[in-house]
1. Quick check, is ASP123 crowded, with 18+ Cβ neighbours inside 10 Å and away from ligand 2 (no atom under 16 Å from the Cβ)?
2. Looking only at the range 54-95, how many residues end up being more than 16 Å from ligand 1 (Cβ to nearest atom) and small (Gly, Ala, Ser)?
3. Can you name every residue in the range 281-297 that is open to solvent by 100 Å² or more (accessible area, probe 1.4 Å) and either in contact with a helix residue (DSSP H, G or I) (Cβ under 8 Å, 6 or more places away or on another chain) or among the aromatic types (Phe, Trp, Tyr) (or both)?
4. May I ask you to list pairs of residues, at least six apart or on different chains, whose Cβ atoms are under 7 Å apart, with the first in the range 147-164 being farther than 13 Å from ASP182 by Cα and the second being part of a strand (DSSP E or B) and open to solvent by less than 50 Å² (accessible area, probe 1.4 Å)?
5. Considering only residues of the range 211-256 that are within 16 Å of ligand 2 (Cβ to nearest atom), exposed (fewer than 13 other Cβ atoms within 10 Å of the Cβ) and under 22 Å from SER148 (Cα atoms), which is modelled with the lowest pLDDT?
6. Tell me whether the range 203-210 contains one or more residues that are within 16 Å of ligand 2 (Cβ to nearest atom), among the small types (Gly, Ala, Ser) and buried (at least 17 other Cβ atoms within 10 Å of the Cβ).
7. Can you name the residue in the range 183-192 that is surrounded by 23 or more Cβ atoms within 10 Å (Cβ to Cβ) and not in a loop (DSSP other than H, G, I, E, B) and is also farthest from ligand 2 (Cβ to nearest atom) among such residues?
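The values are calculated or read from the model by the stated rules, or taken from the named source; none is laboratory data. Bear in mind that the values here come from a model prediction, so they are computed numbers and not experimental data. Cβ sites come from the backbone with ideal geometry, for glycine too, and all protein chains shown count toward neighbours. SASA here: full protein model, heavy atoms, side chains in, ligands and nucleic acids out. Shrake-Rupley method; radii C 1.70, N 1.55, O 1.52, S 1.80 Å.
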Amino acid sequence: MSETPGQSIAPVRAVAINGPLLHRRGQPDREPYVSVVVPIFNEVDNIEALLAELMAAMERTGRSHELICVDDGSTDGSFELLRAAHARDPRVIAVRFRRNFGQTPAIAAGFDRARGEWVITIDADLQNDPADIPRMLARAEEGYDVVSGRRVQRKDALLSRKLPSRVANWLIGRITGVALHDYGCSLKVYHRDVVKNVKLYGELHRFVPAVASSLGIRWTEMAVNHRARTAGVSKYTGFFRTVSRTMKVALDLMTVRFLLTYSTRPAHVFGGLGVLTGGLGVAIGLYLTVEKLVWGHELADRPLLMLAVLLVVVGVQLVSLGLIGEFVVRTYHESQRKPIYMVREVLADDDALADGADGSQRV
Ligand code: UDP
Ligand code: MG
C-alpha cells in the first residue's frame, strides 16, 4: 500500500474502545485501512449494483478495505446475495440481524465491527454515489475527523423531506456547534476515533458528528452527487412515519443537547441555580425578619413571605437534584469506563503508553 500523506511520522493516538483508555500509534498500515458500513433493509434489487460500484470506488482509492453489510432483518432475500458476495470476495462482510431493528442499530453494528483507520457510511439504495468516496477519503486524510457529504441537488420531495431537514440542520448546528448543512446525507467519512467513541441510540445515526462534537472533532463538508432511488422503496414514507420520525429526531436532539452540556457536572448546573434561588429566598426572609422584629410589621398577609419560602424550597430541591445527578453521571461514566476527556495525540517516549493493550507495537 502506498504511504499515507501526513502519517509517515506515526503519531500516538489515544483511544477508548468501549473500555479502558488504550494508546496506539496512528496506523497507516492498518489492515484493512478503510471500513465501509452499509445498512441494508430489503434492498435486493440494489445490492449487486451497490457492491460493484463500491468495490470499483474502493479499488480506485488504492487502499485496503472491507465492506461491512449489515442486513437489518430483510425478508426479500437480500442476505442470500450478501452470502454469495462474501463467498466471492471475503472483503465483503455480512452481518445479519435476527429482525428489523432500524437503521441506527444497523450502523452501530457496523461501527462495532469496523477495523479500519477510516470508517465510511453509505446507504444501500444508491442514492449516494460511491464514486464520491475517493475524493472524500483524500480530504479526510488531510487531517479531518469527519468529512460529511452535502447533497447539492437533492432528489427528494420538498415538503416532507427537504424542508424539515433544513430546520433540523440549522437547529443541530446551533446546539452543537457542528453546523453541517446536510446531517441527513448518509455518505460520511469518519476517523475510527469518532465511531469507536460515540454511543448510538434512537435515531442518532444522523447526528454522529453532533454527538461527536464533545470529543473535539475537525470536520468539513463536500458536495456530493445525489440520485433518485431507482429500485426498492424508501423506508420512511407516509404521513405517520414522517411525523413520528420528526418527533423522534426532535427528542434525540434534546438528549444530545443534554449529554453535551450537563453530562459531566450536573452539580454545577443545578447546584448553581439552586444556590441562586435559595440565596434569594434567604435574603428576602432575612429582610422580612428585620421588618417584623425591628419595625414590628405584621407578616401574615405578605405575599413576599410565600415567595421567600418557595425560593428556599426550590433552591434546596435544585441542589439535591444536582447532587443526585452527580451520582448518576458517575455511574454512567464509570460503568462504561468513559473518560471525561479525549486525547487527540500523545507525543511521549513512554514505553508503557506506546505499547497499547490492543496489540499495537512500538515503532
Ligand atoms: N434501512 C435499514 N433499516 C431500516 C430502514 C432503512 O437498514 O429499518 C437502510 C436502508 O436499506 C437504506 C438506508 O437504511 O440502505 C436508508 O434508508 P432509505 O433509503 O429508505 O431512507 P431515505 O433515503 O428515504 O431517508
Ligand atoms: Mg435513500
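1. On the way: crowded, with 18+ Cβ neighbours inside 10 Å: yes; away from ligand 2 (no atom under 16 Å from the Cβ): no.
Here the answer is no, as ASP123 does not meet what is asked.
2. Looking only at that region, the number is 6.
3. TYR287, TRP295
4. LYS155/HIS226
5. If we take residues in the range 211-256 being within 16 Å of ligand 2 (Cβ to nearest atom), exposed (fewer than 13 other Cβ atoms within 10 Å of the Cβ) and under 22 Å from SER148 (Cα atoms), then TYR236 is modelled with the lowest pLDDT.
6. Start the filter on the range 203-210 by keeping residues that are within 16 Å of ligand 2 (Cβ to nearest atom), which leaves 203, 205-206.
Now narrow it down to the ones that are among the small types (Gly, Ala, Ser): none.
Within the range 203-210, not a single residue is within 16 Å of ligand 2 (Cβ to nearest atom), among the small types (Gly, Ala, Ser) and buried (at least 17 other Cβ atoms within 10 Å of the Cβ).
7. The qualifying residue farthest from ligand 2 (Cβ to nearest atom) is HIS191.
Table: residues versus (1) more than 16 Å from ligand 2 (Cβ to nearest atom); (2) farther than 21 Å from GLY116 by Cα; (3) out of contact with any helix residue (DSSP H, G or I) (no Cβ under 8 Å at 6 or more places or on another chain); (4) not in a loop (DSSP other than H, G, I, E, B).
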| position | (1), (2), (3), (4) |
| --- | --- |
| ASN169 | yes, yes, yes, yes |
| VAL178 | yes, yes, no, no |
| HIS181 | yes, yes, no, no |
| VAL194 | yes, no, no, yes |
